[in-house]
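> What follows is a single structure, and I will ask about it in a moment.
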Amino acid sequence: IKVLIVDPKLARLRLAQAMDEVAGAETTSSMAQRHGALAAINGGYFRTTGIVRGEPMGALTIGGKILSEPVNNRAALAIQDDGKQVRSAVTHITMTAALRADGKASFKIHGFNRPREKDELIVFTPEFHRTTLTAPDGTEIIVEKNRVWAVKDGAGSQPIPHDGFVVSATGTSREWALKNLRRGARVELKTEVKAEPPIPFNPDFILGAGPQ
């Protein structure tokens, strides 16, 4: 076992992402060199094959924003480093998320920034990649400033706006999206993250991993 002891008066502890995006793969040593780190460790599990190699396999929130949903109630590590004190907590994360169209119809979000499966609705944020990297077998709805800007049916790998997100859907989710997310519709993204046990501070990031 190797132990790294960090003195918060001398060093900061923070999260870095491979290639500075969700869909990126990079060696730990490369990331450490690029960020000028004194030391670095792998943070959590990630997808090792396919076009989205490097995508986190579990919870990832940065600054309160969900970038990847939790998996199977696995343990997660929460960290806050204000430059004076490092605070940490091990917890279990659950998440609920939904889209609301024109203040009326709502629909479950199945995941964030990951490959889309059958009948799923996935939200891709600007932190993911330049595009959604999806196949052209669903519907992709581009949302800018909380308004539907374009509906692309039978299209994939759509550009992700820096001031919005892309809703990608197939099957029953696609049917709901085409009916309710028409051009000009107002779209609200509602998310709620719960931690058990509760985190006694406001974390800089929460990173999911494996068994506690």
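> Got a sec? Which of T94, T132, T139 is open to solvent by 30 Å² or more (accessible area, probe 1.4 Å) and of a type in the set (S, T, Y)?
T94
> Take the residues in region 169-183 that are in a loop (DSSP other than H, G, I, E, B) and either acidic (D, E) or open to solvent by less than 40 Å² (accessible area, probe 1.4 Å) (or both); name whichever of them is farthest from D137 (Cα to Cα).
The residue in question is L181.
> Looking at region 57-76, which of its residues are part of a strand (DSSP E or B) and under 13 Å from the mean Cα position of the chain (by Cα)?
Listed by number, the residues that qualify are L60, T61, I62, K65, I66, L67, S68.
> Considering region 12-56 alone, what residues qualify as being touching a strand residue (DSSP E or B) at 6+ places or on another chain (Cβ under 9 Å), of a type outside the set (K, R) and part of a loop (DSSP other than H, G, I, E, B)?
L13, L15, Q17, V22, A25, G43, G44, Y45, G54, E55
> Could you say which residue among K118, K145 is in contact (Cβ under 8 Å) with a residue 12 or more places away in the chain, open to solvent by 30 Å² or more (accessible area, probe 1.4 Å) and out of contact with any Asp or Glu (no Cβ under 6 Å at 6 or more places or on another chain)?
That would be K118, the only listed residue that is in contact (Cβ under 8 Å) with a residue 12 or more places away in the chain, open to solvent by 30 Å² or more (accessible area, probe 1.4 Å) and out of contact with any Asp or Glu (no Cβ under 6 Å at 6 or more places or on another chain).
> Tell me, please, whether a residue that is under 21 Å from G210 (Cα atoms), open to solvent by less than 80 Å² (accessible area, probe 1.4 Å), modelled with pLDDT under 95 and of a type in the set (G, A, S) can be found in region 3-14.
No, region 3-14 has no match at all.
> Right, another one. Give me the residue from region 97-115 that is crowded, with 19+ Cβ neighbours inside 10 Å and part of a loop (DSSP other than H, G, I, E, B) and, out of that set, nearest to the chain's Cα centre (by Cα).
N113
> Which count do you get for residues in region 78-91 that are out of contact with any Lys or Arg (no Cβ under 7 Å at 6 or more places or on another chain) and either open to solvent by less than 40 Å² (accessible area, probe 1.4 Å) or among the aliphatic types (A, V, I, L, M) (or both)?
So the count comes out to 6.
> Conditions: (1) touching a strand residue (DSSP E or B) at 6+ places or on another chain (Cβ under 7 Å); (2) open to solvent by 50 Å² or more (accessible area, probe 1.4 Å); (3) closer than 16 Å to Q80 by Cα. L60 meets all but one. Number of the miss?
With respect to (1) touching a strand residue (DSSP E or B) at 6+ places or on another chain (Cβ under 7 Å); (2) open to solvent by 50 Å² or more (accessible area, probe 1.4 Å); (3) closer than 16 Å to Q80 by Cα, L60 is out only on (2).
> Kindly indicate the residue of region 148-168 that is outside any loop (DSSP other than H, G, I, E, B) and without any contact (Cβ under 8 Å) to a residue 40 or more places away in the chain and also surrounded by the most Cβ atoms within 10 Å (Cβ to Cβ) among those meeting that condition.
V148
> So which pairs qualify, if the first residue must be in region 77-89 and within 15 Å of G63 (Cα to Cα) and assigned to a loop (DSSP other than H, G, I, E, B), the second must be modelled with pLDDT under 90 and open to solvent by less than 80 Å² (accessible area, probe 1.4 Å), the Cβ gap must be under 9 Å, and the two must be at least 6 apart or on different chains?
Partner pairs satisfying both residue conditions: D82/P8.
> So which residues in region 15-43 are at pLDDT below 90 and open to solvent by 40 Å² or more (accessible area, probe 1.4 Å), if there are any at all?
Those that are at pLDDT below 90 and open to solvent by 40 Å² or more (accessible area, probe 1.4 Å): N42, G43.
> For region 184-212, how many residues meet the condition of being part of a loop (DSSP other than H, G, I, E, B), open to solvent by 30 Å² or more (accessible area, probe 1.4 Å) and among the aliphatic types (A, V, I, L, M)?
Going through region 184-212 one residue at a time, the tally reaches 2.
The values are calculated or read from the model by the stated rules, or taken from the named source; none is laboratory data. Since the structure is predicted, the reported quantities are computational estimates derived from the model, not experimental observations. Every residue, glycine among them, receives a Cβ derived from its backbone with ideal geometry; neighbour counts consider all protein chains shown. Areas reflect the complete protein model, heavy atoms only, side chains present, ligands, DNA and RNA absent. Shrake-Rupley method; radii C 1.70, N 1.55, O 1.52, S 1.80 Å.
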